[in-house]
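Student: Below is the structure I would like to discuss, written out as structure tokens.
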Protein chains: 2
Amino acid sequence: MQKRRIRLHSDDRPKQWYNVLADIKMNPPLGPDGKPIGPEMLAPVFPMNLIEQEVSTERWIDIPEAIQDVYSMWRATPLIRAINLERALGTPAKIYLKDESVSPAGSHKPNTAVAQAYYNKEFGIKRLTTETGAGQWGSALSFSCSQFGLECDVYMVRISFDQKPYRKTLMRTWGGNCFASPSDRTKAGRAVLERDPNTPGSLGIAISEAVEAAVSDETGQTRYSLGSVLNHVMMHQTVIGLEAKKQLEQEGVYPDVVIGCAGGGSNFAGLALPFAHDKINGKEVDIIPVEPAACPTLTKAAFSYDHGDEAGYTPLLAMHSLGHNFVPPPIHAGGLRYHGMAPIVCQLVVEGICRPESVNQIEAYTAGLQFARTEGIVTAPETNHALAQVVKEANKAKEEGKEKVILANLSGHGMLDLGAYEKFLDGKLEEVELPAEVLERAAAVLSQYPKPEILKSR
Amino acid sequence: MQKRRIRLHSDDRPKQWYNVLADIKMNPPLGPDGKPIGPEMLAPVFPMNLIEQEVSTERWIDIPEAIQDVYSMWRATPLIRAINLERALGTPAKIYLKDESVSPAGSHKPNTAVAQAYYNKEFGIKRLTTETGAGQWGSALSFSCSQFGLECDVYMVRISFDQKPYRKTLMRTWGGNCFASPSDRTKAGRAVLERDPNTPGSLGIAISEAVEAAVSDETGQTRYSLGSVLNHVMMHQTVIGLEAKKQLEQEGVYPDVVIGCAGGGSNFAGLALPFAHDKINGKEVDIIPVEPAACPTLTKAAFSYDHGDEAGYTPLLAMHSLGHNFVPPPIHAGGLRYHGMAPIVCQLVVEGICRPESVNQIEAYTAGLQFARTEGIVTAPETNHALAQVVKEANKAKEEGKEKVILANLSGHGMLDLGAYEKFLDGKLEEVELPAEVLERAAAVLSQYPKPEILKSR
């Protein structure tokens with residue numbers, strides 16, 4: 001009987017996060033004047049202890065015991081050896097999946113949500129605001145706020161709010177509040193609604209609303225929390241890759257290929273960064289962020305400076321961007337509908353440390369269905385993009401006759417995304433194309449900002 | 001940092017199921033003539049290898065390696081020490097929960113579904129039919145059939161089918177077919193629809209349909225599969241209690257109280273039977289099946305012979321029954337809406353080995369919400385009944401100043417039951433009363449059948 005689940009020895013649980021900023025050069029975020037911003041400019045938005053993490057270049061940052069304690073409610077997560085999928089594909093590859101779906105919120109998102117709730121609580125904050133796409137992040141932050149006694153207001157992209165009504169219930173169950181975005185609660189939201197009352201919304205718009213709601217609270221006790229993109233978020237997620245590496249060590253293997261779906265970049269980075277660290281230090285490993293063909297940031301968009309949100313409240317970040325006013329087509333993987341990408345992930349792509357790929361929606365659900373029928377777990381639409389790439393790499397290994405080791409992130413379960421599965425099973429899920437004029441439009445938007453440097457860390 | 005999750009050492013995984021029939025006397029099932037039925041009478045309904053298990057009095061039955069292999073996709077399940085809940089209640093009690101929600105289908109149900117799919121496959125069967133209440137069982141059997149390449153037809157109680165549309169999608173995702181019951185696909189279904197076209201359905205009716213669909217397949221390659229009630233189902237579920245016992249041993253404790261919600265009885269029995277075995281052998285332990293006040297089989301109904309289904313297709317079973325034609329009020333815990341109860345559980349109640357309790361719907365959701373906000377996991381409505389009893393016992397321990405050890409079964413997650421949480425959060429979940437005339441009506445129905453003996457095993 002072959003081992004299907006590799007558990008981490010409890011002594012091997014990470015006590016520190018890995019901070020890739022110790023190992024790569026980055027273009028700094030810029031303020032409205034085009035000059036690098038100082039930490040103090042972020043103070044109305046984030047607590048200072050998190051801002052310090054955002055800019056730290058220490059390679060290892062201690063995980064406070066209170067965070068380790070909450071992590072231990074579901075971590076270390078299992079590493080799954082997908083034997084049934086391997087057999088179904090007839091591949092000589094060994095497929096391993098890091099199962100982040102076992103968290104209370106059903107995804108990797110609590111890894112940073114718990115940390116952010118903790119640091120805000122320590123800083124004396126009473127309420128967090130945030131945006132959410134598919135709803136995974138809003139759920140994760142609601143759960144995490146319930147652990148530390150904080151209030152939580154979530155602005156949810158309207159198309160997901162409508163497609164997934166139970167996500168709101170889940171947030172409420174943990175005591176959070178959830179509003180469809182754009183809403184009439186903020187200036188940013190009202191401006192969008194005036195232009196386009198029927199907009200499906202976007203992560204960019206929802207971020208604008210959440211940031212505005214935080215900074216406009218006159219008591220000073222509200223801060224904003226971001227579930228992806230930022231450096232400290234990527235760092236908190238490294239527990240995924242650190243655990244996976246130890247688990248593979250227990251198996252006596254090292255991955256040839258590391259795969260994660262990428263929307264804002266956090267689940268990908270969480271798994272990939274510890275392996276990127278090895279690659280920077282000379283190890284060979286193919287590291288692949290996978291994005292939807294309908295929102296192809298890394299594979300199609302220019303590396304440029306752009307705002308992280310629609311209204312332009314955030315600093316300019318150096319990233320691949322489809323333009324901060326881009327409203328992505330309504331694909332079902334709401335968590336991958338973002339115009340930009342984490343600057344850390346972009347820098348790794350610029351340096352050739354990561355090799356981005358894109359897959360389309362039908363490919364993704366086809367892989368998800370095959371996975372459910374072999375390995376049992378019904379995965380999130382976002383995760384299905386990673387699985388589609390896993391299938392491609394496993395088939396490639398078969399063609400090449402190579403016993404490759406493939407590691408991918410099972411970023412979340414799909415129990416609250418079954419509406420999309422229903423459509424797919426009925427043959428009604430349509431392929432969504434990227435509108436042809438998007439890249440031209442993006443070029444026009446991005447031309448107004450400075451160009452980031454092409455930095456090489458090696 | 002206190003340990004929150006107790007994992008089973010992998011060498012300690014059960015290799016055998018515990019069969020309580022070795023330790024207690026039981027009234028036999030009766031045929032239409034009022035005489036005990038022989039195994040051959042069940043042959044059109046179940047494969048002979050499962051019928052043999054149903055009547056076996058061997059204390060330990062080997063778990064085939066192929067079943068252990070599928071179990072290993074999620075078993076051993078974690079035992080959770082509910083530290084946060086203990087703190088919130090201010091109780092000196094130690095609360096442990098066996099987390100069966102981590103299976104692919106989200107509940108304990110695959111423990112027997114996998115076994116039944118395996119034995120049917122071994123017997124040459126191509127398709128299984130079954131009923132489902134809340135949808136947990138139908139999902140579990142669909143998943144299990146996908147593991148062994150069997151077809152799966154599920155008759156789902158209409159009220160749950162309507163309340164939980166995504167359960168159907170989940171079954172389809174694993175390749176199963178799902179029909180609202182009563183349906184027009186069977187004689188039994190059509191008869192009910194004629195009498196009452198707007199019936200919410202019941203487990204009893206759905207069982208009739210699934211049995212009829214199995215026995216009327218002229219190829220002889222279809223059998224019926226039951227997710228609860230029967231002896232072999234209770235036995236397959238004992239992996240829960242066997243694991244929990246070892247995990248508590250690792251903690252150096254033995255439970256004072258063992259709790260499970262009880263609809264048909266399988267998750268309760270799965271946790272409780274290994275402890276009932278100890279109690280039969282002189283150990284002191286309070287074993288509590290918890291049922292909804294709106295469907296109070298063990299706490300209100302007579303111990304009698306009755307059919308397991310609405311149409312009277314099944315043999316007469318010795319059990320507490322509200323009458324096989326009882327249509328339970330539409331409470332949200334669909335898995336607890338059953339007129340009868342597993343004969344094994346009933347016998348244990350008759351003998352005083354188990355002490356049944358009932359809780360109402362609002363108590364159950366109140367406990368579920370408190371659990372979600374302390375321990376993170378959003379539990380199934382059925383499970384919430386067990387949690388309500390946990391809270392009562394923990395409060396009792398507080399009053400008595402006793403450091404009791406409470407063990408309960410977290411039988412499933414509530415990710416597909418959020419509609420009911422939404423109602424509860426909106427204050428719109430109403431208390432459901434048992435109609436006053438039910439017990440009188442039941443007495444009239446049951447008076448036509450023989451009386452079971454009051455057997456004492458000790």
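Student: Taking region A:1-16 only, how many residues are open to solvent by 30 Å² or more (accessible area, probe 1.4 Å) and within 14 Å of chain B (Cβ to nearest Cβ)? Don't jump to the end; show me each part of the working.
Tutor: Quick first cut of region A:1-16, residues open to solvent by 30 Å² or more (accessible area, probe 1.4 Å) only: A:1-3, A:5, A:7, A:9-13, A:15-16.
Filter once more, keeping what is within 14 Å of chain B (Cβ to nearest Cβ): A:1-3, A:5, A:7, A:9-13, A:15.
Matching residues across region A:1-16 total 11.
Student: Among all residue pairs at least 6 apart or on different chains, which show Cβ distances below 9 Å where the first residue, located in region B:373-386, is in the same structural domain as B:GLU100 (by TED's automatic domain parsing) and the second is among the basic types (Lys, Arg)?
Tutor: Correct list of pairs: B:THR374/B:ARG87; B:GLU375/B:ARG4.
Student: Scan region B:429-444 and give yes if some residue there is within 14 Å of chain A (Cβ to nearest Cβ) and at positive phi, otherwise no.
Tutor: Of region B:429-444, the ones within 14 Å of chain A (Cβ to nearest Cβ) are B:429.
Checking which are at positive phi leaves us with none.
No - not one qualifying residue is present in region B:429-444.
Student: Please determine whether any residue of region B:356-373 is within 14 Å of chain A (Cβ to nearest Cβ), in contact with a helix residue (DSSP H, G or I) (Cβ under 9 Å, 6 or more places away or on another chain) and under 30 Å from B:MET26 (Cβ atoms).
Tutor: no
Student: Okay, next question. Would it be correct to say that A:ALA386 is within 22 Å of A:ALA105 (Cβ to Cβ), under 15 Å from the mean Cα position of the chain (by Cα) and in a strand (DSSP E or B)? If you could, list the steps in order and put the result at the bottom.
Tutor: On the way: within 22 Å of A:ALA105 (Cβ to Cβ): yes; under 15 Å from the mean Cα position of the chain (by Cα): yes; in a strand (DSSP E or B): no.
So A:ALA386 fails the test.
Student: Would you tally the residues in region B:1-58 being assigned to a helix (DSSP H, G or I) and either touching a helix residue (DSSP H, G or I) at 6+ places or on another chain (Cβ under 8 Å) or closer than 23 Å to B:ASN281 by Cβ (or both)? Before the answer, list the steps.
Tutor: Of region B:1-58, the ones assigned to a helix (DSSP H, G or I) are B:10-12, B:20-22, B:39-42, B:48-55.
Then keep just the ones that are either touching a helix residue (DSSP H, G or I) at 6+ places or on another chain (Cβ under 8 Å) or closer than 23 Å to B:ASN281 by Cβ (or both); that gives B:12, B:20-22, B:39, B:42, B:48-55.
Number of matching residues: 14.
Student: Being touching a Ser or Thr at 6+ places or on another chain (Cβ under 8 Å), at pLDDT 95 or above and more than 14 Å from chain A (Cβ to nearest Cβ) narrows it down to one of B:ALA76, B:ALA22, B:ALA82, so name that one.
Tutor: Details: B:ALA76 fails: more than 14 Å from chain A (Cβ to nearest Cβ); B:ALA82 fails: more than 14 Å from chain A (Cβ to nearest Cβ).
Among B:ALA76, B:ALA22, B:ALA82, only B:ALA22 is touching a Ser or Thr at 6+ places or on another chain (Cβ under 8 Å), at pLDDT 95 or above and more than 14 Å from chain A (Cβ to nearest Cβ).
Student: Considering only residues that are touching a strand residue (DSSP E or B) at 6+ places or on another chain (Cβ under 7 Å) and open to solvent by 10 Å² or more (accessible area, probe 1.4 Å), look in region B:138-171 and name the one that is nearest to the other protein chains (Cβ to nearest Cβ).
Tutor: So, considering only residues that are touching a strand residue (DSSP E or B) at 6+ places or on another chain (Cβ under 7 Å) and open to solvent by 10 Å² or more (accessible area, probe 1.4 Å), the one nearest to the other protein chains (Cβ to nearest Cβ) is B:LYS168.
Student: Need the failing condition index for A:LEU248 against (1) within 25 Å of A:LYS121 (Cβ to Cβ); (2) of a type in the set (A, V, I, L, M); (3) open to solvent by less than 10 Å² (accessible area, probe 1.4 Å); (4) in contact with a Pro (Cβ under 7 Å, 6 or more places away or on another chain), just the number.
Tutor: The number of the failed condition is (1).
Student: Is there a residue in region A:102-109 that is more than 19 Å from A:ILE240 (Cα to Cα) and open to solvent by less than 10 Å² (accessible area, probe 1.4 Å)?
Tutor: Within region A:102-109, the first condition is being more than 19 Å from A:ILE240 (Cα to Cα), and the residues that meet it are none.
No, region A:102-109 contains no residue that is more than 19 Å from A:ILE240 (Cα to Cα) and open to solvent by less than 10 Å² (accessible area, probe 1.4 Å).
Student: Follow-up question, since we're still on this one. Within region A:17-37, can one find any residue that is within 24 Å of A:LEU248 (Cα to Cα) and surrounded by fewer than 16 Cβ atoms within 10 Å (Cβ to Cβ)? Talk me through it step by step, then tell me what you get.
Tutor: Step one: of region A:17-37, the residues within 24 Å of A:LEU248 (Cα to Cα) are A:17-20, A:23.
Those still in the list that are surrounded by fewer than 16 Cβ atoms within 10 Å (Cβ to Cβ) too: none.
No, every residue in region A:17-37 fails to be within 24 Å of A:LEU248 (Cα to Cα) and surrounded by fewer than 16 Cβ atoms within 10 Å (Cβ to Cβ).
Student: Look through region A:349-365, keep the residues that are touching a residue at least 60 places away in the same chain (Cβ under 8 Å) and in a helix (DSSP H, G or I), and return whichever of them is surrounded by the most Cβ atoms within 10 Å (Cβ to Cβ). Outline the logic, then answer.
Tutor: So in region A:349-365, the residues touching a residue at least 60 places away in the same chain (Cβ under 8 Å) come out as A:349-351, A:353-362, A:364-365.
Add one more test, that the residue is in a helix (DSSP H, G or I), and what stays is A:349-350, A:361-362, A:364-365.
Working: A:VAL349: 22, A:VAL350: 23, A:GLN361: 25, A:ILE362: 15, A:ALA364: 31, A:TYR365: 25.
Among those that are touching a residue at least 60 places away in the same chain (Cβ under 8 Å) and in a helix (DSSP H, G or I), it is A:ALA364.
Student: Between B:LEU50, B:LEU30, which is away from every other protein chain (no Cβ under 14 Å) and over 25 Å from B:GLN147 (Cβ atoms)?
Tutor: Details: B:LEU50 fails: over 25 Å from B:GLN147 (Cβ atoms).
From the options B:LEU50, B:LEU30, the qualifying one is B:LEU30.
Student: Being open to solvent by 60 Å² or more (accessible area, probe 1.4 Å), touching a Gly at 6+ places or on another chain (Cβ under 9 Å) and outside any loop (DSSP other than H, G, I, E, B) is the requirement here; does A:ALA444 meet it? First the steps, then the outcome.
Tutor: Numbers: open to solvent by 60 Å² or more (accessible area, probe 1.4 Å): yes; touching a Gly at 6+ places or on another chain (Cβ under 9 Å): yes; outside any loop (DSSP other than H, G, I, E, B): yes.
Yes, satisfied.
Student: Also, quick follow-up: Within the bounds of region B:397-415, is there any residue that is modelled with pLDDT of 95 or more, on the phi < 0 side of the Ramachandran plot, within 14 Å of chain A (Cβ to nearest Cβ) and in a helix (DSSP H, G or I)?
Tutor: Checked region B:397-415: no residue is modelled with pLDDT of 95 or more, on the phi < 0 side of the Ramachandran plot, within 14 Å of chain A (Cβ to nearest Cβ) and in a helix (DSSP H, G or I).
One line per residue, one yes/no per condition, for (1) over 25 Å from A:GLY204 (Cβ atoms); (2) out of contact with any strand residue (DSSP E or B) (no Cβ under 7 Å at 6 or more places or on another chain); (3) crowded, with 23+ Cβ neighbours inside 10 Å:
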{"position": "A:PRO330", "(1), (2), (3)": "no, yes, no"}
{"position": "A:GLY335", "(1), (2), (3)": "no, yes, yes"}
{"position": "A:TYR338", "(1), (2), (3)": "no, yes, yes"}
{"position": "A:GLN347", "(1), (2), (3)": "no, yes, yes"}
{"position": "A:ALA367", "(1), (2), (3)": "yes, yes, yes"}
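Student: Can I ask one more? Do we have any residue at all in region B:111-120 that's within 11 Å of chain A (Cβ to nearest Cβ), at pLDDT 95 or above and open to solvent by 10 Å² or more (accessible area, probe 1.4 Å)?
Tutor: Applying the first criterion (within 11 Å of chain A (Cβ to nearest Cβ)) to region B:111-120 yields B:114.
From what's left, at pLDDT 95 or above: B:114.
Now restrict to residues that are open to solvent by 10 Å² or more (accessible area, probe 1.4 Å): none.
No, because not a single residue in region B:111-120 is within 11 Å of chain A (Cβ to nearest Cβ), at pLDDT 95 or above and open to solvent by 10 Å² or more (accessible area, probe 1.4 Å).
Student: While we're looking at this one, here's another question. Being open to solvent by 60 Å² or more (accessible area, probe 1.4 Å), in contact (Cβ under 8 Å) with a residue 12 or more places away in the chain and either farther than 30 Å from A:ALA380 by Cα or of a type in the set (D, E, K, R) (or both) is the filter here; which residues of region B:173-206 pass it?
Tutor: Filtering region B:173-206 down to residues open to solvent by 60 Å² or more (accessible area, probe 1.4 Å) leaves B:177, B:184-185, B:187, B:190, B:194-198.
Now narrow it down to the ones that are in contact (Cβ under 8 Å) with a residue 12 or more places away in the chain: B:177, B:185, B:187.
Hits for region B:173-206 are B:ARG185, B:LYS187.
The values are calculated or read from the model by the stated rules, or taken from the named source; none is laboratory data. Note that this is a predicted model, so its numbers are computed, not measured. No Cβ is skipped: glycine too gets one built from the backbone with ideal geometry, and neighbour counts run over all protein chains shown. Just so you know, the surface numbers come from the protein's heavy atoms only, side chains and all, with ligands and any DNA or RNA stripped out. Shrake-Rupley method; radii C 1.70, N 1.55, O 1.52, S 1.80 Å.
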